[in-house]
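Each reported figure results from applying straightforward, stated rules to the coordinates on display, with no laboratory input. Keep in mind it's a predicted model, so treat the numbers as computed, not measured. Cβ sites come from the backbone with ideal geometry, for glycine too, and all protein chains shown count toward neighbours.
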Amino acid sequence: MSHIIAPSILAADFANLQRDIEMVNQSEADWFHIDVMDGVFVPNISYGMPVIAAIKKHATKIMDVHLMIVDPDRFIKDFKKVGADILTVHYEACKHLHRTVQAIKLEGMKAGVSLNPHTPVAVLEDIIKDLDLVLIMSVNPGFGGQSFIENTYKKISQLKALIEKSGSNAIIEIDGGVNDKNAEKLVVTGANALVAGSFVFKSQDPMQTIKDLKHLKY
């Protein structure tokens, strides 16, 4: 299958949000990636339900919502209401991960789990078959524009092996520092979806940048 490109709305121009959403709609991007931060789990605050509902009004593509928050169970129904198609929680933020994943699926959303850079892939061994997506953080979560962590390639290989061994249908998504220098290697190593924020929205021609990421020569 062709790899998925998910521009991260956190890097969009919030004074011109509708314009940037329309750009993603018209581009070759597959998903909208929406980062929700609470200032507790990560040292930053992004946006909440009203902004996501506003994005949904204009978005014509899949809403890939990534929760960087503590106790995400409280808000699962709310994220479904405002338009999330995929809901990803952090392994490090969930006391009862299996229950959280089941609650997401019960609401009719696809369930993802994200791993911070220091968290080994092996922690997902007992739940991998229940997951639709695993998001590997290739920077420390909380801020855009950080440098890519090279150990990510090793984690992708390990995760791919775990998925194949278990017979899981989970796809592998990478978030952080994705650009034209590492995108091809990420996909060749086993990534199915690439999140790109600053690299897309701060480029001279975001639509062309998305097209270039979509049409890698691997």
Q: Among ASP30, ASP205, ASP130, determine the one that fluctuates most according to a GNM of the chain built with springs between C-alpha atoms less than 10 Å apart.
A: ASP205
Q) Taking square-rooted eigenvalues a ≥ b ≥ c of the alpha carbon gyration tensor, is the range 97-163 rounded, prolate or oblate, where a/c under 1.5 means rounded and, failing that, a/b exceeding b/c means prolate? A) oblate
Q: Calculate, in nm to one decimal, what HIS118 and MET207 gain on full extension: separation in residues at 0.36 nm each, minus their alpha carbon distance.
A: 28.7 nm
Q) Spin-label point model (7 Å from Cα, Cβ direction): what's the GLN146 to HIS215 distance in nm? A) 3.3 nm
Q. Where a Cα-Cα gap under 12 Å defines reach, which aspartates and glutamates qualify for LYS110, not counting those fewer than 8 residues away within the same chain?
A. ASP64, ASP85, ASP130, ASP132
Q) When the chain is fully extended, how far beyond the present Cα-Cα distance does GLU184 get from MET49, taking 0.36 nm per residue of separation? A) 45.2 nm
Q. GNM on the chain, C-alpha springs below 10 Å: top fluctuator among ALA103, ALA15, ALA183?
A. ALA15
Q | Sequence-distant lysines (8 or more away, or on other chains) whose Cα lies within less than 25 Å of LYS181 | A | LYS154, LYS155, LYS160, LYS202, LYS211, LYS214, LYS217
Q: Round to the nearest 0.05 the FRET efficiency obtained for SER157 and LYS77 when R0 = 25 Å and r is the Cβ-Cβ distance.
A: 0.10
Q: Give me the compactness ratio for the range 71-191, meaning the Cα radius of gyration over 2.2 N^0.38 Å.
A: 1.04
**Q.** Three-way shape label, the range 4-214, alpha-carbon gyration tensor, a/c 1.5
**A.** oblate
Q: Pick out, from VAL36, GLN18, ALA122, the residue whose Cα sits farthest towards the positive end of the charge dipole of the range 4-214, with +1 on the Cβ of Lys and Arg and -1 on the Cβ of Asp and Glu.
A: ALA122
(Q) Just want the ordering: LYS155, LYS56, from fewest to most Cβ atoms lying within 10 Å of their own Cβ. (A) LYS56, LYS155
(Q) Using the Cα centre of the range 1-64 as the reference point, and only Cβ charges (+1 on K/R, -1 on D/E), how large is the resulting charge dipole? Debye, rounded to the nearest 20. (A) 200 debye
Q. In terms of the Cα gyration tensor, with a ≥ b ≥ c the square roots of its eigenvalues, is the range 1-118 rounded because a/c is under 1.5, prolate because a/b exceeds b/c, or oblate?
A. prolate
